[in-house]
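First comes the structure, then the notes that go with it.
Nothing in this text is a laboratory measurement; each read-out follows from the coordinates by a stated rule. As the structure is a computational prediction, the values presented were derived from the model and not from experiment. Every residue, glycine among them, receives a Cβ derived from its backbone with ideal geometry; neighbour counts consider all protein chains shown.
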Amino acid sequence: MGFQNFDSPYDWSRVARFRHIAQSYDGGCIDLSVGSPVDPVPQSVRAALSQASDEADAHGYPQTIGSGELRNAIHDWFLRQRGVDLTMLHASVVPSVGSKEAVALMVSLLHLNAGDVVVQPKISYPTYEIGTQIAGATVVKVDDVTDVSSWKNIDNVRAIWVNSPCNPTGEIIDSQQFAAIVAAARAIGAVVLSDECYAFLDWREANDYSLSEHRTNIGERPYSDVPEAIDMTSVFNSAPCLLNPQVCAGSARGILSLYSLSKQSNMAGYRTAFIAGDDSLIEDMIRYRRQIGLIIPGPVQHAMSAALRDIEAVQEQKARYHTRLTMLVNALGEYGYDAHMPQGALYVWVHTLGENCWEDMGQLAKLGIVPSPGEFYGAPEYLRFSITASDEAIRAAAARLIESSIR
């Protein structure tokens, strides 16, 4: 395989000085930069982990391919929640040690290297580019990956990254666009790599409720009194899946779909994700993953199985996130940003008020607020605000933004 050098602006140490400035604000730093969960792991998951830790075989080596329980849970999850019968598609699955590992190693595990081209969106999660670079392949960035004419005629395209809902923009690719991408990729012998880690965080139905109905009248009531925008526990729509038979024409050929439990179940620390798709590609990956030792611990596999079954907990978490999004979008709008509810994912993506993201980072740090610089994602004129902070932190950030706007 062999790792090649990489070059990326994605370096969190560049944000440290803004955190230092923000910490001096009365009330301290509110960090909205990293999308790391802060809410509790569901009780069902913690109980499953505890139970599995006491099992007689907990000390043994786990299986790279996942336990029978976990594999069944993934298959059942796809069938119940995504409307996808993996067996009918000739698709296989393999767990990964979190989604970042899978993203970073995907191109290498596909045996792509010098001379091979990997297409990705210009604005995107930076590990797509880093993963292509360490494999020694060539990165080609396009403004809109759904515009297949922008990449289908490029020589030596071997893989195309898609991400829906998108980190950082929140945009969702619809089923027709997905189908066009699959057809174009198959026509040139390329693999479609679909990062669907935010699939259940689809806000389109909830966003039908006008945000204007929930904007705060500063003169009448405190921001903390803003109600929840919608009872999200009754809404469980999700973004389209690349493995939906209507999208992939009933076959997983040339498709790999990635999903993570980090956001839906607050399991970032557990490192739980999986890849599903083309059985020949998955089986080849398993051969290498087994020898490298890329294996989820056995007790964690049991906890992962429980998380895939506990849809009620996912609904509750989704409700928390939507409430936070509503609060933050409103406050950013009051401050002066052109802020809108995203179609999906966990971030508010806004154009800067100053010349670039670093200028705005400096101004926001004076309010004790630290977002993520858009330069990390390919757009230095933007900022990304994460809602993976507590209700209290989001409420405090909103209050600071609004108070600053009316001074």
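Using only the alpha-carbon atoms, how far is helix 99-109 inclined from the longest principal axis of the chain? Give it as 0 to 90 degrees, nearest 10.
Compared with the principal axis, the helix lies near 40 degrees.
Rounding to the nearest 10 and keeping the result within 0 to 90°, find how far the Cα-based axis of helix 391-405 lies from the longest principal axis of the chain.
50
Quick check: from the Cα gyration tensor, does segment 292-358 come out rounded (a/c under 1.5), prolate or oblate?
Values: a/c = 4.95, a/b = 1.96, b/c = 2.52.
Oblate shape, in that a/c is at least 1.5 and b/c is the bigger or equal ratio.
Report the FRET efficiency, 1/(1 + (r/R0)^6), for ILE406 and GLN81, where r is their Cβ-Cβ distance and R0 is 51 Å, rounded to 0.05. Display every interim value, and only then the final one.
Working: r = 44 Å, r/R0 = 0.86.
According to the calculation, E is roughly 0.70.
Give me the log10 of I(q) over I(0) for the chain at q = 0.08 Å⁻¹, as the Debye formula computes it from C-alpha points; what are the numbers?
For the chain at q = 0.08 Å⁻¹, log10 I(q)/I(0) is -0.43.
Return the sequence-ordered ³J(HN,Hα) values of segment 135-150 in whole Hz as given by the Karplus equation 6.51 cos²θ - 1.76 cosθ + 1.60 applied to θ = phi - 60°, using x for Gly and Pro.
Values per residue, Gly and Pro as x: 7, x, 8, 9, 8, 10, 9, 10, 5, 9, 5, 6, 7, 4, 5, 7 Hz.
Throw me the Rg/Rh for segment 245-324, computed over C-alpha atoms with Kirkwood Rh, two decimals. Let's see the in-between values first.
On the way: Rg = 15.3 Å, Rh = 14.7 Å.
Value, to two decimals: 1.05.
If packing is taken as the average count of other Cβ atoms within 10 Å, what order do 27-33, 382-388 fall into, highest mean first? Mind dumping the intermediate values first?
Values: 27-33: 19.7, 382-388: 25.4.
Those peptides, ordered most packed to least, come out 382-388, 27-33.
Could I have the simple spin-label model distance between GLU55 and VAL38, label points 7 Å from Cα toward Cβ, reported in nm to one decimal?
Each label point lies 7 Å from its Cα, and together they span 3.5 nm.
Provide the packing ranking of 17-26, 50-59, 158-167, 352-361, i.e. peptides ordered by the mean count of other C-beta atoms within 10 Å per residue, highest first.
On the way: 17-26: 14.6, 50-59: 12.2, 158-167: 25.4, 352-361: 17.2.
In decreasing order of mean packing, 17-26, 50-59, 158-167, 352-361 become 158-167, 352-361, 17-26, 50-59.
Taking the Cα centre of the chain as origin, sum charge times position over the Cβ atoms of Lys and Arg (+1) and Asp and Glu (-1), and report the length of that vector in debye to the nearest 20. Don't skip to the end; give the middle numbers.
Working: 31 positive and 47 negative charges, 124 e Å.
Magnitude of the dipole: close to 600 debye.
Highest mean first, how do 91-97, 241-247 rank when packing is the count of other Cβ atoms within 10 Å averaged over residues?
Ranked from most to least packed, the peptides come out as 91-97, 241-247.
For q values of 0.13, 0.17, 0.18, 0.22 Å⁻¹, compute log₁₀ I(q)/I(0) with the Debye formula on a Cα-only model of segment 11-117, without solvent.
-0.88, -1.09, -1.13, -1.29
Whole angstrom only: what separates the Cα centroid of segment 1-46 from the Cα centroid of segment 144-171?
First find each Cα centre; the distance between them is then 27 Å.
Using a basic spin-label model with each label point 7 Å from the Cα along Cα→Cβ, how many nm lie between ALA16 and ASN237?
Computed distance between label sites ALA16 and ASN237 equals 4.4 nm.
What does DSSP give for the chain in terms of the percent of beta bridges that are antiparallel, rounded to the nearest 5?
The antiparallel proportion sits near 50 percent.
Nearest 10 degrees is fine. How inclined is helix 311-335 to the longest principal axis of the chain, computing both from alpha carbons?
That helix lies at roughly 40 degrees to the long axis.
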